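Worksheet: the structure to be examined is printed underneath.
The values are calculated or read from the model by the stated rules, or taken from the named source; none is laboratory data. These numbers come from a predicted model, not from an experiment. Cβ atoms come from the backbone with ideal geometry, glycine included; neighbour counts cover every protein chain shown.
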Amino acid sequence: MTSAAALPNGLFFDLVSTEEVNAVHDLEAQGFTPDEAATLEKLRFRQANAPDLFLGAFIPQIDGKRTLLGYIDGVLSSEATLTAASMSTHVPGARTVLIHGVCVTPEARGRGIASALLAEYQQRLVVVGQYDRAVLIAHEDKVAFYERVGFKSRGFSNIAFAGVCWIELEWVVPLEKPSDLQGVPQMIPSGLLEGMQGKGVSLRKEGKLLSSFQRGIFDVSEKGDQRSNLFDLLCVNERCGSIILRQGVAVLQERESVQNVGFSKPTHTDKPLKLLACAECDLGPIGWCEPVGSMFWVACQRVRYRT
């Protein structure tokens, strides 16, 4: 498996916008055969009807725009398995996510982007708390890749197109949500508990992504003995807008206080960590902390900046 160190600098994940569907179509044509690739019309249908299931991997550009390196797109189905009918429809409120495509631009392959993108996609499905499973079909030589990220093979699919036999795979969405509170870590930094109790629900400004700033992190942090944040940091969910960090209370490597952050149970890794999520809408992870300690980390690309 490719190490996380190989990931491109500045890589971040965000929902694909309407204006970016053409870029997805270009990438689709590079990643699939003409018989397998989705048409621009189908991609527009999926983005318009299931935008929360259309996730992209991006790197920022100097001009404030962003470059698409990969994407995952899907729709919802009321069926627990893939059928020809379910592949061409979207059922709002259904609990099965049908993943249509997982694709990375040829120039960026072999750097762990697909694995990181899938992990992010799965995490988002968990925090929503409304889905039972994600299913997809893949070529037989791709089965091992999907099994490494938690999917299990169901055997040959009933779907047949492009003259190829497909394997159907399923990933069961865990019942536990990362934001389920399991107690606050000891050694709470000054202002943390007060910040968590202050909801700030009346502040609903969209804010700007880090990728929209010409100089990136240097445009959102004030230089001094330690760089502090120039703006309020908001939940990246545009429909939430909860304040994660107040202006001037954070530095690039550690912070003094946070607002509206939820904690998960410790992750099962060599070094136990707790994932941080927005305490109002449960979107995450936006960062991490150790179960016991005073260091809390928020990813600069996973918040918006209220300018």
Exercise for the section: Tell me which residues, restricted to the stretch 90-120, are out of contact with any helix residue (DSSP H, G or I) (no Cβ under 6 Å at 6 or more places or on another chain), under 22 Å from LYS42 (Cα atoms), crowded, with 16+ Cβ neighbours inside 10 Å and not aliphatic (A, V, I, L, M). Expected result: THR96, HIS100, GLY101
Exercise for the section: Could you tell me which residue of the stretch 6-37 is surrounded by the most Cβ atoms within 10 Å (Cβ to Cβ), considering only residues that are more than 15 Å from THR67 (Cβ to Cβ) and without any contact (Cβ under 8 Å) to a residue 24 or more places away in the chain? Expected result: ALA37
Exercise for the section: Return the residue satisfying two criteria in turn: it lies in the stretch 43-59 and is part of a helix (DSSP H, G or I) and free of Cβ contacts under 8 Å to residues at least 40 places away in the same chain, and of such residues it is farthest from TYR71 (Cα to Cα). Expected result: ALA48
Practice task
Return the total of residues in the stretch 143-165 being in a helix (DSSP H, G or I), within 20 Å of MET87 (Cα to Cα) and not aromatic (Phe, Trp, Tyr).
Solution key: 1
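Can GLU290 be described as surrounded by fewer than 17 Cβ atoms within 10 Å (Cβ to Cβ), modelled with pLDDT of 60 or more and either under 23 Å from GLY64 (Cα atoms) or outside the structural domain of GLY64 (by TED's automatic domain parsing) (or both)?
On the way: surrounded by fewer than 17 Cβ atoms within 10 Å (Cβ to Cβ): yes; modelled with pLDDT of 60 or more: yes; either under 23 Å from GLY64 (Cα atoms) or outside the structural domain of GLY64 (by TED's automatic domain parsing) (or both): yes.
Yes: the conditions hold for GLU290.
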